[in-house]
1. Helix 107-121: angle to the longest alpha-carbon principal axis of the chain, degrees 0 to 90, nearest 10?
2. Describe numerically, in nm with one decimal, the distance between label points set 7 Å from Cα along Cα→Cβ at residue 32 and at residue 64.
3. Could you bin all the Cα-Cα distances of region 21-70 into 10 Å bins starting at 0 and give me the percent of pairs in each, rounded to whole numbers?
4. Just grab the label-to-label distance for residue 79 and residue 97, each label 7 Å out from Cα along the Cβ direction, in nm (one decimal).
5. With no solvent and one equal point scatterer per Cα, compute the Debye intensity ratio I(q)/I(0) for the chain at 0.20 Å⁻¹ and report its log10, rounded to two decimals.
6. Using only helices, what value at 222 nm comes out for the chain when you add -39,500 (n - 2.57) per DSSP H run of length 4 or more and divide by the total residues, to the nearest 500 deg cm²/dmol?
7. Looking at the chain as a GNM with Cα springs under 10 Å, which of 101, 69, 61 has the largest mean-square fluctuation?
8. Restricting to Cα pairs below 8 Å that are 6+ residues apart, what does the relative contact order work out to for region 29-92? Please round to a whole percent.
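FYI, it's all coordinate maths here, none of it is from the lab. No experiment lies behind these values; they were computed from the predicted model shown. FYI the Cβ positions are ideal-geometry reconstructions off the backbone, even for glycines, and counts take in every protein chain you see.
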């Protein structure tokens, strides 16, 4: 886990512990990470509104949360994280489900395809098995 993410999660956990002390038995200990000050899980509308606000504040392009999630899983897959770990992280029991929903070809995967495609109208120097300057 990246250090800044770890540090923020620790800080958030500390804040939640303080909120729990203040509310006592009124605090809903749901077990979720993204909760309000009373411990209740946030719904998707609240998460989306909060995420879009942060994106705007940081001057980032607004992307759907599902697309951001897919980008994260694609990145992890491109970096060599095993499929079964991705599935577990996504909360899926089937690796194929995770790959179908979230993992899309990234730049690395597409670069190879672009090289092959370029060989169709280029010199073909960098493609094994391509014969140059042949007459048909």
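1. Approximately 20 degrees, to the nearest ten.
2. Distance between the two pseudo-spin positions: 2.1 nm.
3. Percent of pairs per bin, in order: 24, 40, 25, 11, 0.
4. Placing both labels 7 Å along Cα→Cβ, they lie 2.5 nm apart.
5. -1.27
6. About -19000 deg cm²/dmol.
7. Evaluated over the chain, the most mobile residue of the options is 61.
8. It comes to 14 percent, rounded to a whole number.
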